[in-house]
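Each remark here refers to the structure printed beneath this line.
A short reminder: the numbers here are calculations on the coordinates, not readings from a lab. Because the structure is a prediction, the values reported are computed rather than measured. For neighbour counting, all protein chains shown are included, and Cβ atoms are generated from backbone atoms with ideal geometry for every residue, glycine included.
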Amino acid sequence: MMASSLTVVGALWALLSFLSAAASCTSFFMPYWLYGSQMGKPVSFSTFRRCTYPAQADEKNLVMVEECGRYASFSAIPSLSWQICTLVIGIGCALLLLVSLAAVLGCCIGDLISRMTGRFQGAIQFIGGTCKIGWAYYCTGGGAAVAMLICTWMSCFAGKKNKPSLY
């Protein structure tokens with residue numbers, strides 16, 4: 001049997017952390033935050049990607065490009081607030097993913113997660129997730145809420161024992 005540094009609550013925390021990180025990261029890459037129509041075509045977008053968007057065909061004409069994709073460069077994201085949002089959400093998703101992977105490793109490696117380590121990772125989860133109105137937005141928000149509230153609370157009970165202090 002594998003050694004684990006997690007309690008039963010800790011194992012649930014690891015699973016829930018992984019699921020909320022996966023939901024947040026997946027929805028970050030999906031262009032389904034806001035829906036609308038432009039030039040008679042349905043459009044959707046997020047801070048990172050877009051589907052069906054106008055492009056300049058020549059000096060006087062716009063055409064609708066009917067495909068999904070990310071912006072060509074970071075500076076191509078339409079406004080400074082979108083750029084900041086993209087950066088903050090991306091960093092938050094990376095933090096959630098790192099913590100969830102560490103928590104999952106705690107299921108297999110003894111003495112990896114102590115109570116103090118679990119609380120520190122819970123604090124990272126709290127600041128790692130938050131941020132318009134499609135399913136991906138709700139998925140991001142739901143993943144962030146689970147990470148901030150439930151996973152943060154569960155992380156306090158994740159470690160089996162306290163590690164001896166060096167001081």
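Structure values in brief
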{"quantity": "Two-site label geometry, LEU80 and LEU98: point separation in nm, points 7 Å out along Cα→Cβ", "calculated": "2.7 nm"}
{"quantity": "Segments 84-93, 5-14 sorted - mean Cβ within 10 Å per residue, highest first", "calculated": "5-14, 84-93"}
{"quantity": "Among 52-65, 144-157, the order from most to least packed when residues are scored by Cβ within 10 Å on average", "calculated": "144-157, 52-65"}
{"quantity": "Virtual spin-label span in nm between ASP111 and PHE29, 7 Å along Cα→Cβ", "calculated": "3.7 nm"}
{"quantity": "Quotient of C-alpha Rg and 2.2 N^0.38 Å, computed over the stretch 1-62", "calculated": "1.99"}
{"quantity": "Gained length - ARG119 relative to ARG70, 0.36 nm times residue gap less alpha-carbon distance", "calculated": "14.0 nm"}
{"quantity": "All Cα pairs of the chain, percent lying beyond 25 Å", "calculated": "43 percent"}
{"quantity": "Point-to-point label distance, GLN38-LYS161, nm (Cα→Cβ direction, 7 Å offset)", "calculated": "6.0 nm"}
